[in-house]
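Read the structure below first, then the notes.
The values are calculated or read from the model by the stated rules, or taken from the named source; none is laboratory data. Only a predicted model underlies this, so the values are computations on that prediction, with no experimental measurement involved. Here Cβ is always computed from backbone atoms with ideal geometry, including for glycine, and neighbour counts include all displayed protein chains. Side chains are part of the model used for accessible areas, which takes the heavy atoms of the whole protein and leaves out ligands, DNA and RNA. Shrake-Rupley method; radii C 1.70, N 1.55, O 1.52, S 1.80 Å.
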Amino acid sequence: MARFNGERKRLVALSESERVQNTGPAGRAPTAGRVGRFLGRHLWLQVVLSLLAASALIMLLFPGRSFASVLLRTAVTSVGAIAVLVARRRKERRATGGSADDLVSLDLRLRNGEVPEAPPERRAMRDLVAQRLHRMRHRRTGLVLLGVLFGGLTVLLALTGDARQSIGFGVLTVVFVGWMAYQGNVQDRRLRAMRAALADDGPAGRAE
């Protein structure tokens, strides 16, 4: 019980802090929140923007190539990652009711720390949390491998490229791996707090 109460307090604290950021005047969601929901409903747009951003970054570090060729190579080398992303999104949509709107709605509740009350929504949230926690079980190992991979590429650039490219890629490595580690920790705490809240034996839990 003490452990659950601790998880519940963390969930409430996270909910209050994020709700202040995700709501504007008169309780309306700010532009960033509306953009986030729009992107959540359109996976293809997320993929396109990610490819454009990655291509622009490559052009910045390695100028002299045409943007079209860089974009094409980035798209080809990202096919595997895109396929995994699409498969993951389909599984999450099936778990949350089969529609993108249902998934976006539950994901927003998860980010805000809002525990669903209706039994169907609680079951859908429980399935979504279980899927994401299962995927994250090896996140630390993945971060280590990612750090080793990017670190090796940085060393190769230092040996074969110029100083600007090496420094730029090194900074990118530190920022990217650090950001991935931070986001992974936030997501893990959020998911575990929600799982603990959904395990409550309150009225909504007994109704299931």
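Points worth noting:
- Over all other residues within a Cβ to Cβ distance under 10 Å of residue 129, the charged ones net out to +4, with Lys and Arg as +1 and Asp and Glu as -1.
- Cα gyration tensor, region 116-181 - rounded (a/c under 1.5), prolate or oblate: prolate
- Here the extension length gained between residue 69 and residue 117 equals 12.2 nm, from 0.36 nm per residue of separation less the Cα-Cα distance.
- For region 104-208, the carbon plus sulfur part of the accessible surface works out to 63%, probe radius 1.4 Å.
- Size descriptor, Kirkwood hydrodynamic radius, that averages inverse alpha-carbon separations across region 39-165, Å: 17.5
- What region 142-200 shows is 58 Å² of accessible area per residue, with the surface traced by a 1.4 Å probe over protein heavy atoms.
- With R₀ set to 30 Å, the beta-carbon distance separating residue 199 from residue 174 gives a calculated FRET efficiency near 0.20.
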